[in-house]
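Coordinate-derived values only; no laboratory data. Computed from a predicted structure; not experimentally measured. Here the Cβ positions follow ideal geometry from the backbone for every residue, glycine too, while neighbour counts run over all protein chains shown.
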DNA sequence: TGCCAGGCCCTCTTTAGGGCCTT
């Protein structure tokens with residue numbers, strides 16, 4: 001069910017984790033998110049969390065999040081309970097959302113919490129809308145679209161802010177380049193489900209609405 | 001020390017394989 005009471009408001013989120021798979025025992029170590037309301041960031045959420053074990057040197061280097069930083073952080077359970085409250089009632093966006101959704105589901109299951117929004121993946125959207133981009137990594141798309149950034153990558157809040165800017169850019173490009181008057185979350189989700197070859201026709205129909 | 005997952009999507013496809021993307 002697509003939420004309708006907050007159709008123009010979404011939460012853009014990003015996890016930093018100890019690895020790639022919660023099924024292999026990996027945990028979240030940081031959550032960052034912004035609330036996008038009518039094209040503006042109106043709230044931010046950022047919190048480190050202690051996974052209960054030491055993270056690898058690779059993750060320390062990749063994220064800049066050290067074991068020292070995590071030692072005094074609150075537990076995943078404590079942080080995720082707060083985050084569950086933050087996202088309640090809103091649809092969700094993430095870059096390569098299947099990754100973040102797996103960790104969100106796993107961490108919330110651990111505290112018997114859930115969420116009622118739906119996910120849309122900004123990477124799947126970008127693959128369709130920016131087929132000529134050299135790649136569809138978040139950083140690559142930010143460069144490709146000349147989106148301003150502060151040079152911080154692989155930290156949860158910074159990446160969620162960049163994903164939010166990319167989302168707004170895609171909304172703008174749908175208006176300007178495809179004449180879609182009011183692109184919304186529902187249309188964005190529909191685009192990710194549409195084959196590339198069928199996209200021009202689908203956008204033409206949306207432009208007429 | 002080296003490796004691990006999973007979903008999407010393309011193609012030299014569909015009785016499959018491999019690259020991309022996330023940490």
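Values for this structure:
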{"quantity": "Selection from region A:84-98 of residues that are within 13 Å of the chain's Cα centre (by Cα) and surrounded by fewer than 20 Cβ atoms within 10 Å (Cβ to Cβ)", "calculated": "A:96, A:98"}
{"quantity": "Hits in region A:99-118 (condition: within 12 Å of the chain's Cα centre (by Cα) and farther than 19 Å from residue A:30 by Cβ)", "calculated": "A:118"}
{"quantity": "Filter pass, residue A:99 being more than 30 Å from residue A:202 (Cβ to Cβ) and either touching a strand residue (DSSP E or B) at 6+ places or on another chain (Cβ under 8 Å) or free of Cβ contacts under 8 Å to residues at least 60 places away in the same chain (or both)", "calculated": "no"}
{"quantity": "Leading residue by the ranking (surrounded by the most Cβ atoms within 10 Å (Cβ to Cβ)) among those in region A:163-209 that are assigned to a loop (DSSP other than H, G, I, E, B), near DNA strand B (Cβ under 10 Å from one of its atoms) and free of Cβ contacts under 8 Å to residues at least 40 places away in the same chain", "calculated": "A:193"}
{"quantity": "Filter pass, residue A:158 being more than 25 Å from residue A:8 (Cα to Cα) and within 12 Å of DNA strand B (Cβ to nearest atom)", "calculated": "no"}
{"quantity": "Qualifying position, being under 21 Å from the mean Cα position of the chain (by Cα) and more than 9 Å from DNA strand B (Cβ to nearest atom), among A:64, A:52", "calculated": "A:64"}
{"quantity": "Selection within region A:94-127 - touching a helix residue (DSSP H, G or I) at 6+ places or on another chain (Cβ under 6 Å), within 11 Å of DNA strand B (Cβ to nearest atom) and within 20 Å of residue A:36 (Cβ to Cβ)", "calculated": "A:94, A:95, A:96, A:119, A:121, A:122, A:124, A:125, A:126"}
{"quantity": "From the options A:45, A:58, A:15, residue that is on the phi < 0 side of the Ramachandran plot and buried (at least 21 other Cβ atoms within 10 Å of the Cβ)", "calculated": "A:15"}
{"quantity": "Residues (out of contact with any strand residue (DSSP E or B) (no Cβ under 8 Å at 6 or more places or on another chain) and within 16 Å of DNA strand B (Cβ to nearest atom)) located in region A:8-45", "calculated": "A:19, A:20, A:21, A:22, A:23, A:24, A:25"}
